[in-house]
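Participant: Below are the structure tokens for one structure; questions will follow.
The values are calculated or read from the model by the stated rules, or taken from the named source; none is laboratory data. Since the structure is predicted, the reported quantities are computational estimates derived from the model, not experimental observations. Cβ coordinates were reconstructed from backbone atoms using ideal geometry, including for glycine residues, and neighbour counts include every protein chain displayed.
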Amino acid sequence: MRKLPMLMLGVVLGAGASTLATNDRLLSTTSAVAAASDTYRQLNLFGDVFEKIRSDYVEKPDESKLIESAINGMLSGLDPHSSYLDAKSFRDMQVQTRGEFGGLGIEVTMEEGLIKVVSPIDDTPASRAGVQAGDIITAIDDDSVQGLSLNQAVDKMRGAVNSAVRLKITRKGNSDPLELKLTRDVIRIKSVRSRSETDVGYVRITQFNEQTFEGLKNSIDTINKDLGGADKVKGYVIDLRNNPGGLLDQAIAVSDAFLERGEIVSTRGRNADETQRYNARAGDLTKGKPVIVLINGGSASASEIVAGALQDHKRATIIGSRSFGKGSVQTIIPLGSNGAVRLTTARYYTPSGRSIQAKGIDPDVQVLNEVPAELKGKDETKGEASLKGHLKNGEEEQGGSSAYVPPDPKNDKQLNYAYDLLRGVKVNDAGSKASAPAAADKPQKSPN
């Protein structure tokens, strides 16, 4: 609100100076004054409505909640990704992007109204205390979890490092409930998991948080060690399926891990002078070995930056189904103790100048997994183009795409196709001709 009078002062001074210039400039400045005056009238309208609610609503309203709702309405009316974050939501988002928090190290889900343990995370208070997959948490610090949402239960289990918490657990096969006392510790969200598959390295990236690039680097080092050295590795599969995105700088770092030179991504705001370009630096973690990237309808944002950069530079073969199509950048603007604003400030473009907003990344080779009968029709994401108020691309927009990944790798056609391609095994045509990815030992050409 304080900025408006300052804006008005600038406009008025500009109008005075323009009388010495041309009539066109005078008309332009007069229009700016009129626009600013109209803005003031609209703000007065907002104030009138706010006062009416305060004085006449059937129950006394929470005024701070009214303001928050008005702000959120203003932001959500812009596009699907701009929003207001209250103080708690802002803290939760920071935890997610940092990738670490004070807690117990349990992955949980809500099942039939109960808090069920999916799995304890290795080397955490939960795993050391003997918490097992399938356990049902019935009480936290003697307070029943009955009626709590999943987020509320998670909030109660998180807390300051070195603080204690008591869990009451029921376990299949035990007639009596278990009572465990655990001490919270620093829990790191593992956004990268990997394994060695005979002569191929598999790296799964689930999100892009502050730990992602280090996780990728450690994973590649571990794979090389497990397989007896980088020269024994035929290639790497980078699995970005159902990865919703995350931090832009981590997407750039992950892309840079496989590139020696050239542009990775550019972001373009409303004004031409806001364009930023991010380029790769020398050094390829894989020493030029072939790379395959898996994507699907659940791969969005930062995932699409990585896939688009490696595809444009012909550094990787992209396999799977078309990605989600979220091609916009959000900036988090803190508001002190009042939370933060998440505001869409730019679109991003791949090195060749493609905007994938509401369009997505098309794979080099389309391979679709077989979807169980009970999940058919439910396996597709509708994509960015289906979201109300999404930013328009100006090009042909695309619909949904399959996001199903079989739980058993043996039944994962996309993954097995990637393994066969890296090993030079002849594979059936899956919608597009493809040859085994070439090693990046030749100078890379940046796309025009």
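Participant: Hey, among K410, K388, which residue is surrounded by fewer than 17 Cβ atoms within 10 Å (Cβ to Cβ), over 20 Å from the mean Cα position of the chain (by Cα), more than 24 Å from Q96 (Cα to Cα) and not assigned by TED's automatic domain parsing to the domain that holds D79? Explain how you work it out, then say what you get.
Facilitator: Working: K388 fails: over 20 Å from the mean Cα position of the chain (by Cα).
Checking each option against the conditions leaves just K410.
Participant: What number of residues within region 263-304 satisfy the criterion of being within 18 Å of N242 (Cβ to Cβ), among the hydrophobic types (A, V, I, L, M, F, W, C) and either free of Cβ contacts under 8 Å to residues at least 60 places away in the same chain or not assigned by TED's automatic domain parsing to the domain that holds T345 (or both)?
Facilitator: The first filter runs over region 263-304 and keeps only residues within 18 Å of N242 (Cβ to Cβ), leaving 292-304.
In the following step, the residues that additionally are among the hydrophobic types (A, V, I, L, M, F, W, C) were identified as 292-295, 300, 302.
Okay, now just the ones that are also either free of Cβ contacts under 8 Å to residues at least 60 places away in the same chain or not assigned by TED's automatic domain parsing to the domain that holds T345 (or both), so 293.
Number of matching residues: 1.
Participant: Looking only at region 179-201, which residues are in contact with a helix residue (DSSP H, G or I) (Cβ under 8 Å, 6 or more places away or on another chain), touching a residue at least 60 places away in the same chain (Cβ under 8 Å) and part of a strand (DSSP E or B)?
Facilitator: Across region 179-201, the qualifying residues are L182, D185, E197, V200.
Participant: Within region 234-250, can one find any residue that is surrounded by 21 or more Cβ atoms within 10 Å (Cβ to Cβ), acidic (D, E) and closer than 27 Å to V367 by Cβ?
Facilitator: There is at least one residue in region 234-250 that is surrounded by 21 or more Cβ atoms within 10 Å (Cβ to Cβ), acidic (D, E) and closer than 27 Å to V367 by Cβ.
Participant: Looking only at strands (runs of 3 or more DSSP E) that fall completely inside region 1-118, which ones have 2 or more residues that are at pLDDT below 85?
Facilitator: On the way: elements: 83-85, 100-103, 106-111.
So the answer is 106-111.
Participant: Could you list all residues from region 233-243 that are more than 25 Å from R277 (Cβ to Cβ) and not aliphatic (A, V, I, L, M)? Working first, answer last.
Facilitator: Initial filter on region 233-243 (more than 25 Å from R277 (Cβ to Cβ)): 233-237, 239, 241-242.
Hits for region 233-243 are K234, G235, Y236, D239, R241, N242.
Participant: Any idea which of P372, P406, P363 is of a type outside the set (V, I, T) and in contact (Cβ under 8 Å) with a residue 60 or more places away in the chain?
Facilitator: Working: P372 fails: in contact (Cβ under 8 Å) with a residue 60 or more places away in the chain; P406 fails: in contact (Cβ under 8 Å) with a residue 60 or more places away in the chain.
Checking each option against the conditions leaves just P363.
Participant: Now a separate question. L216 - would you say it is surrounded by 19 or more Cβ atoms within 10 Å (Cβ to Cβ) and not in a helix (DSSP H, G or I)?
Facilitator: Values: surrounded by 19 or more Cβ atoms within 10 Å (Cβ to Cβ): yes; not in a helix (DSSP H, G or I): no.
In short, no.
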